[in-house]
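Accompanying notes for the structure given below.
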Amino acid sequence: MQNSPADRVPSHGTRLLATSYAIDFTPVDGNGRSAGITLASLFRPEPPEYFVGFGRAVTAPVSGLVRAAHGGETDHAAFRGFPSIGYAATQARRAREGWLGLAGNHVIIESGGLFIALCHLQFGSVSVHPGQLVQQGEVVGLCGNSGNSTEPHLHVQAMDAADPERASAVPIAFPGGLPRNGTVVTA
């Protein structure tokens, strides 16, 4: 997986909804590509199924209690090239929809007083429910393209409260340090 934008704060250009230290993990193939690119990719949206990450299992990064689980948002087309410009123009609408408009299908796990959000999951794939205990490594859903997402990827953020509207962002730590933006991480 290629990570982005781990090495800047706020990582997504805003501090809203506790996203200051969020990281996006985009699954890539052996050539470091999330999907093949053609001339058509530059001019029209593409089905999310075209991307190597779509449908890949998403596992709990920590053991803990599921505090939120939502899986009813449809996956939308992926936007690269010129279509991404039009999609960017609709960003304000999604932001007005709040957390659900941005996160799409998601799971929030409480562990050790922190809350880890896993976002943009595939429609209908969330396999856990609020109140359920999960173990690190347990599948909680599949990588999708719901919410504010230009292509299938996993958005991960840590917070100090379960409600992103009221939470503050918490930096995410990795063994060996935070991977730099664009680094390919093998999981």
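The values are calculated or read from the model by the stated rules, or taken from the named source; none is laboratory data. Keep in mind it's a predicted model, so treat the numbers as computed, not measured. Because the Cβ atoms are built from the backbone with ideal geometry, glycine has one as well, and the counts that use them run over all protein chains shown. Side chains are part of the model used for accessible areas, which takes the heavy atoms of the whole protein and leaves out ligands, DNA and RNA. Shrake-Rupley method; radii C 1.70, N 1.55, O 1.52, S 1.80 Å.
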- Query: Three principal axis extents, largest first, for the C-alpha atoms of the stretch 85-187, in Å?
  - Reply: 39, 34, 27
- About its Cα centre, the stretch 84-187 carries a charge dipole, from +1 on Lys and Arg Cβ atoms and -1 on Asp and Glu Cβ atoms, whose size in debye to the nearest 20 is 300
- Message: What does the extension gain come out to for residue 38 and residue 133, with contour length at 0.36 nm per residue minus their alpha carbon separation?
- Response: 29.8 nm
- If each of residue 50 and residue 180 carries a label point 7 Å out from its Cα toward its Cβ, how far apart are those two points in nm? 3.1
- Message: Report the Cα-based extents of the stretch 51-135 along its three principal axes, largest first, to the nearest Å.
- Response: 42, 29, 20
- Could you do me a favour and compute the accessible area per residue for the stretch 89-187, 1.4 Å probe, result in Å²? 47
- For the chain, with all protein chains present and a 1.4 Å probe, just round the carbon and sulfur fraction of the accessible area to a whole percent. 56
- Cα point-scatterer Debye curve for the stretch 132-174, base-10 log of I(q)/I(0) at q = 0.15, 0.30, 0.33 Å⁻¹: -0.56, -1.04, -1.02
- Estimated 222 nm signal from helices in the chain, with DSSP H stretches of n ≥ 4 weighted -39500 (n - 2.57), rounded to 500: -2000 deg cm²/dmol
